[in-house]
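Down below is the structure, laid out as structure tokens.
The values are calculated or read from the model by the stated rules, or taken from the named source; none is laboratory data. Small disclaimer: the values here were computed from a predicted structure and weren't measured. Cβ atoms come from the backbone with ideal geometry, glycine included; neighbour counts cover every protein chain shown.
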Amino acid sequence: MTDDISDIKDTLEAIRTESYTDLPTGLVNDLVQIEYDTLEDREESLQRVRKRVEDSLSEDN
Amino acid sequence: MLHFNSITLENFGPYKGQQQIEFPEQAGVGIIYGENMRGKTTLLNAIRWALFGEILGRGEREISPEELINWESKEEGNHSFRVTLEFEFEGDDYQLIREYRPKTEGVEPNNAEDYTQDGFLRENGTILGPDEQEQRLNTILPRQISRFFLFDGELLQQYQDLLVDQSEMGEKIRLAIERILGVPVLKNGRTDLRTLLDEAESAVADAASKKAETEELGSQIQATQERVKGHRNEVEKLKSERGNLVDKRNKKRAELENIEGIQTQIERRESIEAEIEQLEERLERKEEKLEDVLSDAWYAALDPVLQDRLEELKDQREKLHQGHIDTQVADELAQRLETASRTGTCPVCDQDLEEGDESHLTDEIKSLRETAETDGGSQGEEYDDVVRAIGSLQDVQRTNPKEQINDVLDDLASIRVDIAAKKDDIDEINQNIDESEAKRATSLRKDEEKLTKKIGIKEDAIDSEQEKLTKAEENLDKLQDKLDRMSDGSFTEEKERRKLYEDLFDIFDKGVSSYRDELRDRVEEDASDIFIELTTEPEYARLEINENYGLTIVHESGDRITVRSSGAEHVVALALMGALQNNAPLKGPIIMDSPFGRLDSGHVRNVVEALPNLTDQVLLLVYRDELDQQEAREILGGQLRKEYSMRRESARHTKLVEGGEIDE
């Protein structure tokens, strides 16, 4: 069984659909996954979060 | 998911030579039977040491590794030990080897400095570098949450602390619970997004400061951002300093708890010393009083003379009193005779007087009058003088302090006896306690008090800095709003980036509290279900969770069971463990050391039945009286995958034997 963080993702998705519908679903889920994967490496997590958000901005533009 | 395949011990604790336990591949329960002092806790410690390089004893005291070298092999000249743990995690095979050995081969080590410790982690056959190894182990089983996978009865008892508000152990466990449940995923995300939002806000201000019409506002925003950053850093710094102080205080408190017996004796001694002080003050007051009453003590010397004179005066008063009565009688008689002489009739018998009686009456009246005048003249004044003299002498007698002196002397003696008895008590306490330990306890307590004061000061500073931060943030928001209004259509890209980070930060920020609330609800529900399955008391309806994830039993009447037995504690703790396993993103094996010690047979049966549902891999380390072997086999049936027993070879040598034949 793989480690399950779907509950965390569901919690954020509920908040997103209620008040932040402009944000793409995938972005929030991806950030949760990055944070889980890099839980023990804070530098790595910041870099990967930054890259993922910048990618999202580039896609929009 | 983490799955242990085997553990190999070499000269670790009582496990002399090389000995191995193979964990079953299939999901289910393994049981290792061993009586006291055979090495059950040591086996659990071997796993902890392999994973984290440290071993904790009772009260979370770290045990020095050289204490764990097998005594017999040490005597034979072998001063090293090694643990090899093989496991799988998310499809990869790992071999973890940790070794403790003398620094210089061939030279007999004398103390901890003469040893060295090495650890190697092979991932699918390739050895990882030290940093990679540490990071990988932290991902596979972080030390903070290992307590939910590798635990003993002592740890289960700590869960009671979760019910106590502000308990330090409770706070520590609460953080560990949130760690296993994944809350740091959101908290770390929030921190990262805060950092990136700050950067995006700076980029907007930077762009504004480069345009003539927004230059001034942009500069103001940059300056305010710096202030916000400064206050934020200061708050963090203060919080970290407070954390260090709290850690220091916890250490002092832990040390104090270790010498709790002495602590009680010292407190008793201090209390007796305070009582002696009060008694000595009373003694001083009584001595002052004695001095006062002694100033009138000379009256006592006059006492016999006074008494004689008083007797004389009382006699005189009696005589004068009698004389007064005699005068009154003579006067009365003279009056009657005068009446008889005047009327010629006897006032007593009412007969006429005879001739010759009259001259006799005249003589008698004359004589009586003379007597009355002689006795009654100065008699009244003399009587008054005597009565006054008696009164004065009696006053002097009343002032005589003899009795008061005796009372005060009695009190003084009684106080001195009390003081002596209390000093004896102190001597006895002093004989029972080691004075150096007592001094250490007193010094620890003073240190603890000082640290508490310092923590209070730090908290005030944090509040004050937090207030400044809030004001600066409000100011920044206003300036940014103003800039947005002025710069409509400019720096669009920077503003879009800022907006995106703002939204993402808000989602993660709200997510932390929202996820916490959901978790508490889920843990409460799951723990209640497991508890009802485990408990043998049919009237217990559910468990109720508090902010710290502490659980309280609720009776079917709705009453909360605030005082519960140690057995009930144990069952509640196991229910919490099960609920955490159900809700944790990370799953792994559970290894329990002596988990049934405080449970009756009904509860043991229920817990054993529930074990296969807790997680895929459960290993029990139990002694014979704790879990009946036949009953375990019956309850678990096919879910019982493997049995080992610890066989005694000597006090310093235990052999692990596959199969459940228990060493008698």
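Tabulated data for the structure shown
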| read-out | value |
| --- | --- |
| Test: B:Asp509 is surrounded by fewer than 18 Cβ atoms within 10 Å (Cβ to Cβ) and farther than 14 Å from B:Gln225 by Cβ | yes |
| Test: residue in segment B:586-593 that is closer than 23 Å to B:Glu544 by Cβ and either of a type in the set (A, V, I, L, M, F, W, C) or in contact with a Phe, Trp or Tyr (Cβ under 8 Å, 6 or more places away or on another chain) (or both) | no |
| Filter result (among the hydroxyl-bearing types (Ser, Thr, Tyr), surrounded by 20 or more Cβ atoms within 10 Å (Cβ to Cβ) and at the interface with chain B (Cβ under 7 Å from one of its Cβ atoms)) within segment A:1-55 | A:Thr11, A:Tyr36, A:Ser45 |
| Matching strands (runs of 3 or more DSSP E) fully within segment B:577-664 where at least 3 residues are under 22 Å from B:Glu88 (Cβ atoms) | B:590-593, B:617-622, B:640-650 |
| Tally, over segment B:523-552, of residues that are out of contact with any Lys or Arg (no Cβ under 6 Å at 6 or more places or on another chain) and not in a loop (DSSP other than H, G, I, E, B) | 17 |
| Filter pass, B:Met577 being in the same structural domain as B:Asn5 (by TED's automatic domain parsing), under 30 Å from A:Ser6 (Cβ atoms) and out of contact with any Cys (no Cβ under 9 Å at 6 or more places or on another chain) | no |
| Hey, B:Lys74 under 25 Å from B:Arg647 (Cα atoms), of a type in the set (Lys, Arg) and more than 34 Å from the chain's Cα centre (by Cα) or not | yes |
| Tally, over segment B:609-635, of residues that are surrounded by 19 or more Cβ atoms within 10 Å (Cβ to Cβ), touching a residue at least 60 places away in the same chain (Cβ under 8 Å) and in contact with an Asp or Glu (Cβ under 8 Å, 6 or more places away or on another chain) | 1 |
| Unique match (being in contact with a helix residue (DSSP H, G or I) (Cβ under 8 Å, 6 or more places away or on another chain), within 11 Å of another protein chain (Cβ to nearest Cβ) and modelled with pLDDT under 90) among B:Leu181, B:Leu186, B:Leu197 | B:Leu181 |
| Lone qualifier among B:Glu226, B:Glu213 - being farther than 18 Å from B:Asp463 by Cβ and either at pLDDT 85 or above or small (Gly, Ala, Ser) (or both) | B:Glu226 |
| Residue within segment B:417-431 that is assigned to a helix (DSSP H, G or I), touching a His at 6+ places or on another chain (Cβ under 7 Å) and hydrophobic (A, V, I, L, M, F, W, C) present | no |
| Filter result (hydrophobic (A, V, I, L, M, F, W, C) and closer than 20 Å to B:Glu178 by Cβ) within segment B:531-572 | B:Leu543, B:Ile545, B:Leu551, B:Val572 |
| Residue in segment B:404-413 that is modelled with pLDDT of 80 or more, among the small types (Gly, Ala, Ser) and exposed (fewer than 13 other Cβ atoms within 10 Å of the Cβ) present | yes |
| Test: residue in segment B:200-222 that is farther than 12 Å from B:Leu479 by Cβ, small (Gly, Ala, Ser) and under 43 Å from the mean Cα position of the chain (by Cα) | no |
| Matching helices (runs of 4 or more DSSP H) fully within segment B:37-143 where at least 3 residues are free of Cβ contacts under 8 Å to residues at least 24 places away in the same chain, surrounded by 13 or more Cβ atoms within 10 Å (Cβ to Cβ) and among the polar types (S, T, N, Q) | B:130-140 |
| Criterion: over 30 Å from the mean Cα position of the chain (by Cα), within 14 Å of chain A (Cβ to nearest Cβ) and either of a type in the set (D, E, K, R) or not in a loop (DSSP other than H, G, I, E, B) (or both) - qualifying residue of B:Asp517, B:Asp509 | B:Asp509 |
| Checking B:Glu465 against (1) surrounded by 15 or more Cβ atoms within 10 Å (Cβ to Cβ); (2) out of contact with any His (no Cβ under 7 Å at 6 or more places or on another chain); (3) of a type in the set (Asp, Glu), the condition it does not meet | (2) |
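Yes/no matrix, rows are residues, columns are (1) more than 29 Å from the chain's Cα centre (by Cα); (2) assigned by TED's automatic domain parsing to the domain that holds B:Asp600; (3) touching a residue at least 24 places away in the same chain (Cβ under 8 Å):
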position: B:Phe491; (1), (2), (3): yes, no, yes
position: B:Val523; (1), (2), (3): no, no, yes
position: B:Asp526; (1), (2), (3): yes, no, yes
position: B:Ile530; (1), (2), (3): yes, no, yes
position: B:Leu534; (1), (2), (3): yes, no, yes
position: B:Arg542; (1), (2), (3): no, no, no
position: B:Tyr549; (1), (2), (3): no, no, yes
